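See below for the structure under consideration.
The values are calculated or read from the model by the stated rules, or taken from the named source; none is laboratory data. Just so you know, these numbers come straight off a predicted model, no measurement behind them. Positions of Cβ are backbone-derived with ideal geometry, glycine not excepted, and every protein chain shown enters the neighbour counts. Each accessible area value is taken on the protein alone, full model and side chains, heavy atoms only, with ligands, DNA and RNA left out. Shrake-Rupley method; radii C 1.70, N 1.55, O 1.52, S 1.80 Å.
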Amino acid sequence: MAKKQNDYFVAFEKLVDFSCQAAECLQESMQQFDPATLHAIEHAADIAKHEITQRLAKEFVTPIDRADIVEMTNVLDEVTDLIEDVLIRMYMYNITRILPEALEFTDVIVRCCRALQSAMGEFHNFHKPANLLECVVAVNTMEEEGDALYIQA
């Protein structure tokens, strides 16, 4: 059997790469205030999501359940969308000053996206999840760090 051309695991990694780019752009934008770059990243992520959906509609056999592919695609795209929403709201509410805690949040967001990126790099090995589980624990730990930062702020 020929090697499949539609590797969903690589596609998931591509989606999370957009999340990482968005997180880094948010971090930079909060320091320099520029929403246009982040919107371009989010738009590219939407195109990548549509490509996955189109491939899924044409493919007969998939490496994991179709519903799981759809869910992963939507969740990964949502990460990027929500990062963009932060910057949109900053402009919508005419934020003129960035609190140090907000910059700390962007650090946590970037680190979470990088951990998610590592997890997606390991996802194709989901039958042997040792490294994948470490990535999930890292994201959960950073979520707790974000919660503590929110309470502190």
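With the condition kept exactly as written, say whether any residue in region 80-103 is assigned to a helix (DSSP H, G or I) and within 16 Å of Glu13 (Cβ to Cβ). So far as region 80-103 goes, yes, one or more of its residues are assigned to a helix (DSSP H, G or I) and within 16 Å of Glu13 (Cβ to Cβ). Summed over region 54-90, the residues that are open to solvent by 60 Å² or more (accessible area, probe 1.4 Å), β-branched (Val, Ile, Thr) and within 18 Å of Met120 (Cα to Cα) give a count of 2.
Of all residues in region 55-78, those that are closer than 22 Å to Arg114 by Cα have Cβ atoms under 8 Å from Cβ atoms of residues that are modelled with pLDDT under 90 and not in a helix (DSSP H, G or I), 6 or more apart or on another chain, in Ile69/Thr62. Selection of region 25-53 for residues being surrounded by 16 or more Cβ atoms within 10 Å (Cβ to Cβ), among the small types (Gly, Ala, Ser) and modelled with pLDDT under 85 yields only Ser29.
Being surrounded by 15 or more Cβ atoms within 10 Å (Cβ to Cβ), closer than 17 Å to His124 by Cα and of a type in the set (Phe, Trp, Tyr) is not true of Phe18.
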